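Input: a single structure, listed below in structure tokens.
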Amino acid sequence: MRSAIHALGRNLAAGLRLALFMPVERVGFRLSAGQLVLIVLVSAAIDIDADWVRAARDARFSILGLHAEVFALGLLALTSAVIAILRRDTELYLALPIVVLASFPLLQVVHALPDLPQLAPTIAPRTRAIFDYAVLGWMLLVAMRAVYV
């Protein structure tokens, strides 16, 4: 278990470097089915926390809210499979979701910042829309870089 947590830390550190467009190589990531499960759990936990920040004070957790996580994960798995087939590299099927999800925590946190109760009332709708598009563009660039790495 200790080595799995250590590998997760290495994946998150390499993912941060990828998200910040710093030098990173494929060997910087630890690729295994266990790491995929751990990185999915980390990503889901961040999304659940971000949704909690966005929710009204009297909101309650619902398991039905996980459909977006499951859909996104399925889409990532399908995209990874297609890219792995096109590039004739079966390792990509496992590697790409780990690399992408390891690089997304920073983006997920930054995307939630305008929803903090202290900031939300001060941000104009147009500014919020521009911010959302900028984060979406950042996500797209990071995903493309993940394929390259």
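The values are calculated or read from the model by the stated rules, or taken from the named source; none is laboratory data. Here the structure is a predicted model, which is why all the values come from computation and not from measurement. Backbone-built Cβ (ideal geometry, glycine too); neighbour counts: all protein chains shown. Side chains are part of the model used for accessible areas, which takes the heavy atoms of the whole protein and leaves out ligands, DNA and RNA. Shrake-Rupley method; radii C 1.70, N 1.55, O 1.52, S 1.80 Å.
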Phe61 being outside any helix (DSSP H, G or I), loosely packed, with under 15 Cβ neighbours inside 10 Å and modelled with pLDDT of 90 or more
no
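Yes or no, residue by residue, for (1) among the β-branched types (Val, Ile, Thr); (2) within 23 Å of Ala13 (Cβ to Cβ); (3) over 18 Å from the mean Cα position of the chain (by Cα):
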{"position": "Val24", "(1), (2), (3)": "yes, yes, no"}
{"position": "Val27", "(1), (2), (3)": "yes, yes, yes"}
{"position": "Leu76", "(1), (2), (3)": "no, yes, no"}
{"position": "Val100", "(1), (2), (3)": "yes, yes, no"}
{"position": "Ser103", "(1), (2), (3)": "no, yes, no"}
{"position": "Leu106", "(1), (2), (3)": "no, yes, no"}
Please go through segment 9-35 and pick out each residue that is open to solvent by 20 Å² or more (accessible area, probe 1.4 Å), of a type outside the set (Lys, Arg) and either touching a Cys at 6+ places or on another chain (Cβ under 6 Å) or touching a residue at least 60 places away in the same chain (Cβ under 8 Å) (or both).
Leu12, Leu16, Leu20, Phe21, Val24, Glu25, Leu31, Ser32, Ala33
So, in segment 67-82, exactly how many residues are among the hydrophobic types (A, V, I, L, M, F, W, C), open to solvent by less than 50 Å² (accessible area, probe 1.4 Å) and over 16 Å from Val142 (Cα atoms)?
2
In segment 127-149, what residues are among the small types (Gly, Ala, Ser) and open to solvent by less than 50 Å² (accessible area, probe 1.4 Å)?
Ala129, Gly137, Ala143, Ala146
